[in-house]
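Just below is one structure, and these are the notes that go with it.
Any read-out appearing in this document is the output of simple, stated calculations on the displayed coordinates, not a laboratory observation. As the structure is a computational prediction, the values presented were derived from the model and not from experiment. Glycine gets a Cβ as well: all are built from the backbone with ideal geometry, and neighbour counts include every protein chain shown.
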Amino acid sequence: MKLESLSERAASNLSGQHVSGRCLCGAVELEIDFPAFWAWHDHSAASRRAHGAAYATYIGCWRKRARVAKGHRSIARFEDAKTASTRSFCSRCGTPLLYERKSSPHMVNIPRALFTGRTGREPRYHVAIEELQDWAYTGKRLVPLKAYPGVVWERPKSRGRLRNIDDLQFPDRRVPSARARIVQ
């Protein structure tokens with residue numbers, strides 16, 4: 001995406017409402033017109049590696065409704081020939097900022113986590129779900145971890161307690177215990 005074209009359109013494309021997002025260090029600020037077009041969770045290997053996370057959540061909007069409000073010079077780009085996409089990130093803190101695909105030249109995708117406020121769309125779609133990792137959290141019940149405030153964990157499945165054979169009580173006393181058979 002041409003960063004200059006985003007800022008040139010900024011004044012002419014402001015709708016009644018817009019939302020802002022920023023990188024970790026605050027050097028780059030992005031703005032989109034409210035509401036975003038759609039939102040989704042991307043489980044692809046490329047997004048997983050670019051974000052260093054189990055999956056990335058994006059909001060998509062029309063290119064003409066997105067603007068770089070601050071920090072044009074702090075944006076670096078990586079073009080991935082394999083996926084025919086371009087990823088932009090903050091050159092100061094490394095925060096992923098934009099994800100663009102050649103197949104969708106009129107759309108720009110922005111990580112949802114950059115926005116503190118509502119974007120007008122909930123992520124209800126999953127892209128590349130077949131690449132979901134077995135170690136990713138999938139919504140199982142979590143419980144507080146004792147002695148660690150603010151930490152929750154997923155209890156392991158109960159495998160049943162192994163019992164000592166001597167602890168077994170047989171209802172029919174005529175049945176010899178397994179231990180008695182072994183000793184004889």
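If you take the Cα centroid of the stretch 71-115 and the Cα centroid of the stretch 141-156, the two points sit 35 Å apart. Taking label points 7 Å from Cα along the Cα-to-Cβ direction, Ala54 and Gln17 give a separation of 3.0 nm.
Our estimate of slack between Leu145 and Ala69, defined as 0.36 nm per intervening residue step minus the Cα-Cα distance, is 23.2 nm.
Only Cα sites of the stretch 96-136 enter the Debye sum here, all with the same form factor; the resulting log10 I(q)/I(0) across q = 0.14, 0.31, 0.35 1/Å is -0.47, -1.10, -1.11, listed in q order.
Among the trypsin sites (Lys or Arg not before Pro) in the stretch 118-147, those placed in a DSSP loop whose Cβ has at most 14 other Cβ atoms within 10 Å are Arg118, Arg124, Lys140, Arg141, Lys146.
Label separation (Val152 vs Ser91): 4.1 nm, computed from points 7 Å beyond Cα along the C-beta direction. In the stretch 22-90, what trypsin sites (Lys or Arg not before Pro) fall in a loop by DSSP, with at most 10 other Cβ atoms inside 10 Å? Taking the stretch 22-90 and a limit of 10 other Cβ atoms within 10 Å, the loop trypsin sites (Lys or Arg not before Pro) found are Lys82. Extending 7 Å from the Cα toward the beta-carbon at both Ala84 and Gln133 defines two label points whose distance is 2.7 nm.
What are the lysines whose alpha-carbon lies under 17 Å from the alpha-carbon of Lys140, with same-chain residues fewer than 8 places away excluded? Partners found: Lys157.
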